[in-house]
1. Starting from the range 265-276, keep only residues that are under 14 Å from LEU191 (Cα atoms) and among the basic types (Lys, Arg), then list their pairs with residues that are surrounded by fewer than 18 Cβ atoms within 10 Å (Cβ to Cβ) and modelled with pLDDT under 95 whose Cβ atoms are within a distance under 8 Å, requiring at least 6 positions of separation or different chains.
2. Could you list, in sequence order, all residues of the range 230-280 that are part of a helix (DSSP H, G or I) and charged (D, E, K, R)?
3. Given the options ASP159, ASP165, ASP182, name the one that is modelled with pLDDT under 95 and in contact with a strand residue (DSSP E or B) (Cβ under 9 Å, 6 or more places away or on another chain).
4. Among the helices (runs of 4 or more DSSP H) confined wholly to the range 131-197, which include 3 or more residues that are under 18 Å from SER239 (Cα atoms)?
5. Any chance the range 107-123 includes a residue that's assigned to a loop (DSSP other than H, G, I, E, B) and closer than 21 Å to ARG157 by Cβ?
6. Can you find a residue that is β-branched (Val, Ile, Thr) and over 19 Å from GLY149 (Cα atoms) anywhere in the range 294-301?
7. Does at least one position in the range 279-296 carry a residue that is more than 30 Å from ILE357 (Cα to Cα) and of a type in the set (D, E, K, R)?
8. Please enumerate the residues belonging to the range 312-324 that are in contact (Cβ under 8 Å) with a residue 12 or more places away in the chain and either surrounded by fewer than 20 Cβ atoms within 10 Å (Cβ to Cβ) or in a loop (DSSP other than H, G, I, E, B) (or both).
Amino acid sequence: GLIFYDTKVTVMNRVLNATVQRTADHAAPEITLDPLEIVGGEIRSSENSYFCQAARQLGCVPSSQLCVKLASGGDPTYAFNIRFTGEEVHGTSGSFRHFLWQVCKELQSSSLSLLLLCPSSAVNKNKGKYILTPSPITYAEEQLLHFFGQLLGIAIRADVPLPLDLLPSFWKTLVGEPLDPDMDLQEADILTYNYVKKFENISDETELEALCAEIASQHLATESPDCPNKPCCKFTYLSLTGEEVELCPRGRHIPVGWENKDVYAAAIRSLRMRELQTPECMTAVRAGLGSIIPLQLLTTLTPLEMELRTCGLPYINLEFLKAHTMYQVGLMETDQHIEFFWSALEMFTQEELCKFIKFACNQERIPFTCPCKDGGPDTAHVPPYPMKIAPPDGAAGT
């Protein structure tokens, strides 16, 4: 927390360039994707997704081949090249960026089950934010999580921000920071947080009975074995994936009473914290990330800085974009069509700006760090900068 982010980025970039493993005399691995498999935006099965098509083909490529120098200049080096069946694409940049954009859409959709919409989303808190799906994983899922980790590293080396919306708890666990049992639970699952708080704040047995009756009316409780008409809760709770879980051995048969209500609340809290940390899944993601970038780098970054480096900012800063725009020979910033252009963009909403950026360079988010700072020499630009503006098509008309 004592080092400026820019300083960390400088060190990180030097380390990344010093750990390049694929040299210029090695051809980039190439994968072939079939766009027809995902035609119409509806993926019929997860195997057809770009994510799974790429994971299968890159599964047999040594990870050292994906460790390239940081992208810079006009035609940057990327971890792999992409060919789309039946499409003629010039250059490697556009298709690589489009691939990363498409893969993030797939990860945050129902076609792949690696990420789960956080429960707080349902009540409009952290809407559209995801967490890793907490469940025992098969060997195939472990391979996909490993590839997901590799993609995070590949995006960092390529400086293409991924349009991923993951909860802070994901980034905390990734960089090895402990989760806050209060704040992180509230962020991820506010309903469970409120439920636990109710049990923690009860002051007498009458209140406990009333709470159990309220829960019983929502079908979460059963009758107490001692008093058949008195509702009570058992030591079970629903997991994030919707299964009923016993919070202790024989939990289904243990009623919640005055003497063990705090144990019950603590057990629910620790169930959720385990699910948010999801050690099995995170180990696979970190292993994938570590095959592309040295994991020691993560020890200097805060969770927010790691997210910024991997996913950039979800909004477009027009001033920054202006500073990294070049005008073709003979054009000036004061030319009428240039002024029209910027004033039009200033009227755009953030959503429209993201669409404009996607149209202009095939990625929705743009890096907000660039070594040339205020649009210095072309060589220092990070792709997709600089943006270039040409003369108007014709002189007549408005």
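The values are calculated or read from the model by the stated rules, or taken from the named source; none is laboratory data. These numbers come from a predicted model, not from an experiment. Here Cβ is always computed from backbone atoms with ideal geometry, including for glycine, and neighbour counts include all displayed protein chains. SASA here: full protein model, heavy atoms, side chains in, ligands and nucleic acids out. Shrake-Rupley method; radii C 1.70, N 1.55, O 1.52, S 1.80 Å.
1. The qualifying pairs are ARG269/PRO181.
2. ARG252, LYS261, ASP262, ARG269, ARG272, ARG274, GLU275, GLU280, listed by residue number.
3. ASP165
4. The helices (runs of 4 or more DSSP H) meeting that bar are 183-188.
5. Among the residues of the range 107-123, not one is assigned to a loop (DSSP other than H, G, I, E, B) and closer than 21 Å to ARG157 by Cβ, which makes the answer no.
6. no
7. yes
8. GLY312, LEU313, PRO314, TYR315, ILE316, ASN317, LEU318, PHE320, LYS322, ALA323, HIS324
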